[in-house]
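Here's the structure, in structure tokens; my notes come after.
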Amino acid sequence: MTVRSIVVEGLGRRFGDFVAVRDVSFHVEKGEIFGYLGANGAGKSTTIRMLSGLLEPTSGRALVAGHDIAKAPDKVKASIGYMSQKFSLYLDLTVRENLEFFGGIYGSWGRALSRRVDETLESIDMRSLAETSTAALPGGLRQRLALGSALFHKPPIVFLDEPTAGVDPASRREFWKLIRGISSAGTTVFVTTHYMDEAEYCARIGLMVAGKLVALDTPAALKSEWVPGRILRFEGEGLVRALSEIRRTHGVVEAQSFGNGVHVRFDPGHTTDQSVLAAVAALPAVKVRLTEPVEATLEDVFLAAADRKAEDAVRGGAS
Amino acid sequence: MTAPTETSAPTSSPRAARKHARSGALRRIVAIARKEALHVQRDPRSLYLALGMPIVLLLLFGYGVSFDMDHLPVVLVDEDRTPESREIADRVFASGDLHMVGRASSGDEAHGIFARREAHAVLILPRGTSESIGRGEAVEAQLLIDGVEANSAAQLQGKAESALRSASLAMSVEAMGPRAVAIPTEVRLSTWFNPEERSQLYLVPGLAAYILAIVAVLLTALTVSREWERSSIQQLFVTPVRTYEIMLGKLVPYFLLGVVAEMTVFVVGAWVFDVPMRGDPLALASASLLFLLGMLGQGMLISIVARNQMVATQVATMTSMLPSMLLSGFVFPIENMPLPLQVISNVVPARYFIHALRGVLLRGNGFPEIGFDLLMLTAFACLMLFAGTKRFKRELA
Ligand SMILES: Nc1ncnc2c1ncn2[C@@H]1O[C@H](COP(=O)(O)OP(=O)(O)OP(=O)(O)O)[C@@H](O)[C@H]1O
Ligand SMILES: [Mg+2]
């Protein structure tokens with residue numbers, strides 16, 4: 001039996017006439033890394049802010065750590081850590097002072113407080129920076145400190161709102177190592193991101209498009225649902241100019257240029273790698289240098305989902 | 001839906017739970033206060049504000065507030081009615097500093113003259129003036145000053161004295177030759193409504209209120225707006241901290257700073273301007289702390305509503321400086337204001353603070369006499385803090 005850390009039912013939030021989040025339902029299991037993916041303004045932060053008790057929902061309900069966010073916001077607050085999208089620790093305080101402050105806010109005191117500060121510094125690998133002014137930290141370290149203070153009181157659930165936005169790739173990898181560590185220690189992680197590669201680390205992903213949760217599943221399941229089939233990557237000459245001919249090839253669902261090559265997706269029930277390869281190589285003015293099978297990315301999923309949403313909107317508007 | 005394993009800290013009884021909650025609140029307040037103190041330490045501008053501004057303003061105003069005035073309106077009472085007394089009066093008013101606006105038959109009319117605001121002073125040349133001059137003796141003129149006109153009182157005194165001195169001296173010299181140089185001239189002064197005969201005594205309580213109002217309101221005006229601006233308030237509000245705990249915690253360091261500023265004002269007042277302390281020190285302390293709390297609360301409320309440090313500073317300066325200067329009885333006596341302003345002055349806390357200060361310092365009052373002032377100051381402080389907490393909650397949603 002799994003334990004549900006977060007249960008969301010028909011949650012919605014409107015600002016005046018504008019619906020920022022519309023009728024969202026999902027649940028997150030204990031210790032899971034749950035990713036929330038969506039373009040700017042999709043409603044990710046609004047969802048997180050509702051779940052952490054910063055914003056009242058205008059419809060629906062949610063239980064966080066077993067507490068109703070509308071009825072027991074204080075109990076919710078005691079059970080969560082929150083890292084806001086905008087860095088919001090105190091720049092004029094040192095690393096240690098920031099941690100001590102949040103520790104004090106959570107009722108930690110005296111020797112227990114300083115022990116926990118040291119522990120936290122250790123866990124985010126910032127012991128040597130304890131006395132550094134927060135203003136002097138580069139972005140990646142600031143984010144790590146923010147994570148440390150969100151986890152200071154050992155909450156069973158943390159909400160991380162774009163924790164790696166604007167951070168260099170090496171720091172991002174480091175950061176995700178920390179996230180996987182806290183998740184395997186049993187902490188539930190609810191994280192939003194813009195980066196598709198990061199989303200791969202999540203156990204399950206919710207896709208937000210314009211305030212609606214359009215898909216929710218494991219990365220693998222999302223890929224096979226939204227971008228079914230096999231993908232072959234071609235590199236060579238004349239490929240991009242031949243895209244429309246490639247698309248007309250038997251069994252091919254889609255062909256797109258991708259980086260310095262072309263991705264061709266086809267239905268393995270109708271054709272095989274060999275016949276697709278042969279068909280592409282046989283096209284006039286095309287020289288294939290390299291062929292390899294590739295995995296669908298979440299980017300593909302995201303684009304497909306956004307497309308379908310747009311189509312739905314057009315169809316909905318026409319009827 | 002399965003119940004999660006996480007629960008809050010187990011407590012054995014409701015009483016233990018309440019105690020637990022109380023100590024939690026206290027710890028959160030202490031944490032906020034410590035953090036706020038660190039902000040002050042890192043950016044000592046508020047320190048300078050609290051410590052430097054009172055001294056600078058007090059010296060500046062204490063010495064300079066008597067903006068140089070001429071044509072000070074004076075009523076003449078010539079009891080001597082001799083050519084000499086007429087001449088001395090002509091000479092006194094010739095300089096233009098003092099302006100004769102009328103004559104009266106005796107000093108008894110001074111009360112009515114001041115009450116009707118016809119003049120700021122009554123100059124009395126007593127019977128025997130001409131003989132005194134003839135004999136080279138001191139002229140014992142009398143000057144009755146309306147002490148409510150604190151600004152002009154000091155100048156009137158000085159100008160009347162020097163004008164009389166040079167007039168009687170010149171006349172003595174004419175009558176007796178250069179021998180007269182050593183002859184003393186005396187002006188007996190009586191200040192009405194301000195028996196201290198010194199305007200600073202009257203000014204310092206007003207200044208104290210004015211300075212404390214500015215300092216205290218400015219001190220807290222940035223404390224919340226800064227957190228709105230940097231969005232650190234979001235981080236605070238996902239913690240179990242309550243709005244009133246944030247407000248109390250933030251008040252602590254600024255309250256201490258305000259107390260220091262307050263003491264500075266009184267020490268400088270006593271030391272430089274010899275302001276006495278005739279009444280109950282405890283009453284003085286109560287009034288001061290209540291006023292301080294109200295002003296800090298006002299700054300906090302502004303800080304919560306403004307959301308932006310620049311707006312907060314501007315609003316704080318306007319709302320503390322103008323009323324405590326103009327509507328408090330500091331510069332303009334409340335009795336002489338137009339009725340609408342008199343009504344408004346009823347909600348200006350500086351008015352009650354100044355009244356209490358003048359009472360305790362100059363008139364030797366204690367709790368019974370300033371009870372109403374204390375009541376009004378308490379009401380204002382409670383109102384500000386209550387409104388701040390309420391607004392804070394609303395602004396967050
Ligand atoms: N307080 C508010 N008042 C009015 N509109 C708001 C408010 N907060 C958010 N919105 C709107 O709601 C929509 C969703 O915002 P939200 O911050 O949830 O998006 P997001 O998915 O987090 O985007 P981003 O990637 O930019 O952070 C946006 O169009 C935003 O302008
Ligand atoms: Mg966002």
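The values are calculated or read from the model by the stated rules, or taken from the named source; none is laboratory data. Just so it is clear, the model here is predicted, and its values are computed rather than measured. All Cβ positions, even for glycine, are placed from backbone atoms using ideal geometry, and neighbour counts span all protein chains on display. What goes into the accessible areas is simple: the full protein's heavy atoms, side chains included, and nothing from ligands, DNA or RNA. Shrake-Rupley method; radii C 1.70, N 1.55, O 1.52, S 1.80 Å.
When restricted to residues that are more than 10 Å from every other protein chain (Cβ to nearest Cβ) and either closer than 20 Å to A:THR47 by Cβ or within 16 Å of ligand 1 (Cβ to nearest atom) (or both), region A:135-149 contains 2.
Filtered by the rule that a residue be buried (at least 16 other Cβ atoms within 10 Å of the Cβ) and within 16 Å of ligand 2 (Cβ to nearest atom), region A:160-186 gives A:LEU160, A:ASP161, A:GLU162, A:PRO163, A:THR164, A:ALA165, A:VAL167.
Determine, yes or no, whether A:ASP125 is within 14 Å of A:SER149 (Cα to Cα), part of a loop (DSSP other than H, G, I, E, B) and either away from chain B (no Cβ under 14 Å) or modelled with pLDDT of 95 or more (or both). Before you say what the answer is, go through the steps one by one.
Values: within 14 Å of A:SER149 (Cα to Cα): yes; part of a loop (DSSP other than H, G, I, E, B): yes; either away from chain B (no Cβ under 14 Å) or modelled with pLDDT of 95 or more (or both): yes.
Here the answer is yes, as A:ASP125 does meet what is asked.
Conditions (1) assigned to a helix (DSSP H, G or I); (2) at pLDDT 90 or above; (3) of a type in the set (A, V, I, L, M); (4) crowded, with 16+ Cβ neighbours inside 10 Å, marked per residue:
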{"position": "B:THR7", "(1), (2), (3), (4)": "no, no, no, no"}
{"position": "B:THR11", "(1), (2), (3), (4)": "no, no, no, no"}
{"position": "B:LYS19", "(1), (2), (3), (4)": "yes, no, no, no"}
{"position": "B:ILE29", "(1), (2), (3), (4)": "yes, yes, yes, yes"}
{"position": "B:LEU38", "(1), (2), (3), (4)": "yes, yes, yes, yes"}
{"position": "B:GLN41", "(1), (2), (3), (4)": "yes, yes, no, no"}
{"position": "B:SER46", "(1), (2), (3), (4)": "yes, no, no, yes"}
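Pairing residues of region A:193-204 that are more than 17 Å from A:GLY166 (Cβ to Cβ) with residues that are at pLDDT 90 or above and surrounded by fewer than 16 Cβ atoms within 10 Å (Cβ to Cβ), at Cβ distances under 6 Å and at least 6 apart in sequence or on separate chains, gives A:ARG204/A:THR218. In the set (1) within 14 Å of chain B (Cβ to nearest Cβ); (2) open to solvent by less than 40 Å² (accessible area, probe 1.4 Å); (3) touching a residue at least 24 places away in the same chain (Cβ under 8 Å), the condition left unmet by A:ILE105 is number (3). The set of residues in region B:322-375 being exposed (fewer than 14 other Cβ atoms within 10 Å of the Cβ) and at positive phi consists of B:GLY364 alone.
Among the strands (runs of 3 or more DSSP E) confined to region B:82-161, the ones with at least 1 residues that are open to solvent by 30 Å² or more (accessible area, probe 1.4 Å) and modelled with pLDDT of 75 or more are located at B:98-103, B:140-146.
Restricting attention to region A:53-63, and to residues there that are within 16 Å of ligand 1 (Cβ to nearest atom) and in contact with a strand residue (DSSP E or B) (Cβ under 6 Å, 6 or more places away or on another chain), which single residue is most open to solvent (accessible area, probe 1.4 Å)? Let's see the steps before the verdict.
Of all residues in region A:53-63, those within 16 Å of ligand 1 (Cβ to nearest atom) come to A:53-60, A:62.
Narrowing further to those that are in contact with a strand residue (DSSP E or B) (Cβ under 6 Å, 6 or more places away or on another chain): A:57-60, A:62.
Numbers: A:PRO57: 35, A:THR58: 75, A:SER59: 53, A:GLY60: 49, A:ALA62: 1 Å².
Looking at the filtered set, the residue picked out is A:THR58.
Pick from A:LEU51, A:LEU89, A:LEU55: which is within 24 Å of the chain's Cα centre (by Cα), within 14 Å of chain B (Cβ to nearest Cβ) and under 24 Å from A:GLY186 (Cβ atoms)?
Numbers: A:LEU89 fails: under 24 Å from A:GLY186 (Cβ atoms); A:LEU55 fails: under 24 Å from A:GLY186 (Cβ atoms).
Of the residues listed, the single one that is within 24 Å of the chain's Cα centre (by Cα), within 14 Å of chain B (Cβ to nearest Cβ) and under 24 Å from A:GLY186 (Cβ atoms) is A:LEU51.
Answer yes if at least one residue in region A:19-37 is touching a residue at least 24 places away in the same chain (Cβ under 8 Å), within 25 Å of A:GLU119 (Cβ to Cβ) and within 16 Å of ligand 2 (Cβ to nearest atom), and no otherwise. No: region A:19-37 contains no residue that is touching a residue at least 24 places away in the same chain (Cβ under 8 Å), within 25 Å of A:GLU119 (Cβ to Cβ) and within 16 Å of ligand 2 (Cβ to nearest atom).
Of all the listed residues (A:VAL227, A:VAL209, A:VAL214), the sole one being in contact (Cβ under 8 Å) with a residue 60 or more places away in the chain, within 16 Å of ligand 2 (Cβ to nearest atom), away from chain B (no Cβ under 14 Å) and in contact with a helix residue (DSSP H, G or I) (Cβ under 9 Å, 6 or more places away or on another chain) is A:VAL209. Reported count of residues in region A:1-52, each being within 11 Å of ligand 1 (Cβ to nearest atom), open to solvent by 50 Å² or more (accessible area, probe 1.4 Å) and of a type in the set (Val, Ile, Thr), is 0.
From the list A:GLY251, A:GLY229, A:GLY238, the lone residue that is open to solvent by 40 Å² or more (accessible area, probe 1.4 Å), over 22 Å from the mean Cα position of the chain (by Cα) and over 25 Å from A:LEU178 (Cβ atoms) is A:GLY229. Only one of the numbered conditions (1) away from chain B (no Cβ under 13 Å); (2) open to solvent by less than 40 Å² (accessible area, probe 1.4 Å); (3) over 24 Å from the mean Cα position of the chain (by Cα) is not met by A:ARG111, and that is (2).
Yes or no: A:LEU11 more than 13 Å from ligand 2 (Cβ to nearest atom) and away from every other protein chain (no Cβ under 14 Å)? It is true that A:LEU11 is more than 13 Å from ligand 2 (Cβ to nearest atom) and away from every other protein chain (no Cβ under 14 Å).
Going by what's in this entry, would A:GLU131 be described as among the acidic types (Asp, Glu), within 14 Å of chain B (Cβ to nearest Cβ), open to solvent by 10 Å² or more (accessible area, probe 1.4 Å) and away from ligand 1 (no atom under 16 Å from the Cβ)? First the steps, then the outcome.
On the way: among the acidic types (Asp, Glu): yes; within 14 Å of chain B (Cβ to nearest Cβ): yes; open to solvent by 10 Å² or more (accessible area, probe 1.4 Å): yes; away from ligand 1 (no atom under 16 Å from the Cβ): yes.
So A:GLU131 fits the description; yes.
For the residues B:LEU218, B:LEU222, B:LEU257, B:LEU248, the requirement of being more than 18 Å from the chain's Cα centre (by Cα) and away from chain A (no Cβ under 14 Å) singles out B:LEU257. Taking the listed residues A:GLY43, A:GLY53, A:GLY16, the one that is within 16 Å of ligand 2 (Cβ to nearest atom) and not hydroxyl-bearing (Ser, Thr, Tyr) is A:GLY43, with no other qualifying.
Report yes if A:GLU97 is more than 15 Å from ligand 1 (Cβ to nearest atom), surrounded by fewer than 23 Cβ atoms within 10 Å (Cβ to Cβ) and within 26 Å of A:ASP300 (Cβ to Cβ), otherwise no. So A:GLU97 does not fit the description; no.
Checking A:PHE190, A:PHE234 one by one, the residue that is more than 16 Å from ligand 2 (Cβ to nearest atom), farther than 15 Å from A:GLU299 by Cβ and touching a helix residue (DSSP H, G or I) at 6+ places or on another chain (Cβ under 9 Å) is A:PHE234 and no other.
Screening the candidates A:GLY66, A:GLY81 for the property of being more than 21 Å from A:LEU207 (Cα to Cα), in contact with a Lys or Arg (Cβ under 9 Å, 6 or more places away or on another chain), open to solvent by less than 20 Å² (accessible area, probe 1.4 Å) and within 14 Å of chain B (Cβ to nearest Cβ) yields one hit, A:GLY81. Of the residues making up region A:150-206, those that are under 22 Å from B:THR239 (Cβ atoms) and within 16 Å of ligand 1 (Cβ to nearest atom) are A:PHE159, A:LEU160, A:ASP161, A:GLU162, A:PRO163, A:PHE190, A:VAL191, A:THR192.
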